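Undergrad: Following this message is one structure expressed as structure tokens.
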């Protein structure tokens, strides 16, 4: 998803995007989208992380995150504790919430479930919800059921970042692309 220039009008057009979760996937995703000119709302429930971001800091000591965050934070990136209606129409919502491994080895989808329940009533018709969290096959259907609206599409685009540097770099220079 890149902003592009409307050559006739001579101005940039960009998407309005909401990123839910400012962890190791959500933070570089939001920073990268803002860097490329998209209007991003980043929602984070962790008050200490949110406070650090609002004060211009970065909740990570990893230099690649800190530099990406400082470049991106500004008018194209707004921070909020939660998403609400009326913060501008966001046609794309990215779920970047934790999916820790449970005792049985399966992904714990409780954060994904909670985020889907929270945003379900807030979504404009035609919104695309993207599972950016690392989720198992079938999770898009799981989120669709939770949201319970036929006018909303859910897709999965999981992030498989082993370390912060490759994650931040992969956002701006993906290692590979795949067609259908």
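The values are calculated or read from the model by the stated rules, or taken from the named source; none is laboratory data. From a predicted model like this one, the values you see are computed outputs, not experimental measurements. Neighbour counts run over all protein chains shown; Cβ positions are idealised from the backbone, glycine included.
Undergrad: Does at least one position in the range 1-13 carry a residue that is modelled with pLDDT of 80 or more and assigned to a strand (DSSP E or B)?
TA: no
Undergrad: Restricting the search to the range 124-142, which residues are within 22 Å of residue 15 (Cβ to Cβ) and in contact with a helix residue (DSSP H, G or I) (Cβ under 7 Å, 6 or more places away or on another chain)?
TA: 129, 131, 132, 133, listed by residue number.
Undergrad: Right, another one. Exactly one of (1) surrounded by 13 or more Cβ atoms within 10 Å (Cβ to Cβ); (2) without any contact (Cβ under 8 Å) to a residue 24 or more places away in the chain is unmet by residue 152. Its number?
TA: All conditions pass for residue 152, except number (2).
Undergrad: Also, quick follow-up: If you go through the range 156-164 one residue at a time, do you hit one that is at pLDDT 85 or above and in contact with a helix residue (DSSP H, G or I) (Cβ under 7 Å, 6 or more places away or on another chain)? First the steps, then the outcome.
TA: Here is the first cut: in the range 156-164, the ones at pLDDT 85 or above are 156-157.
Cutting the leftovers down to in contact with a helix residue (DSSP H, G or I) (Cβ under 7 Å, 6 or more places away or on another chain) gives us 156.
Yes, the range 156-164 contains at least one residue that is at pLDDT 85 or above and in contact with a helix residue (DSSP H, G or I) (Cβ under 7 Å, 6 or more places away or on another chain).
Undergrad: Moving on. Part of a strand (DSSP E or B), at pLDDT 85 or above and buried (at least 18 other Cβ atoms within 10 Å of the Cβ): is that true of residue 18 in this structure?
TA: yes
Undergrad: Please go through the range 112-122 and give me each residue that is in contact (Cβ under 8 Å) with a residue 24 or more places away in the chain and surrounded by fewer than 21 Cβ atoms within 10 Å (Cβ to Cβ), ordered by number.
TA: Matches in the range 112-122: 113, 117, 118, 120, 122.
Undergrad: Shifting gears a bit: Does the range 64-82 hold any residues that are closer than 12 Å to residue 40 by Cβ, within 16 Å of the chain's Cα centre (by Cα) and modelled with pLDDT of 60 or more, and which are they?
TA: If the condition is that a residue be closer than 12 Å to residue 40 by Cβ, within 16 Å of the chain's Cα centre (by Cα) and modelled with pLDDT of 60 or more, then 76, 77, 78, 79, 80 are the ones that fit.
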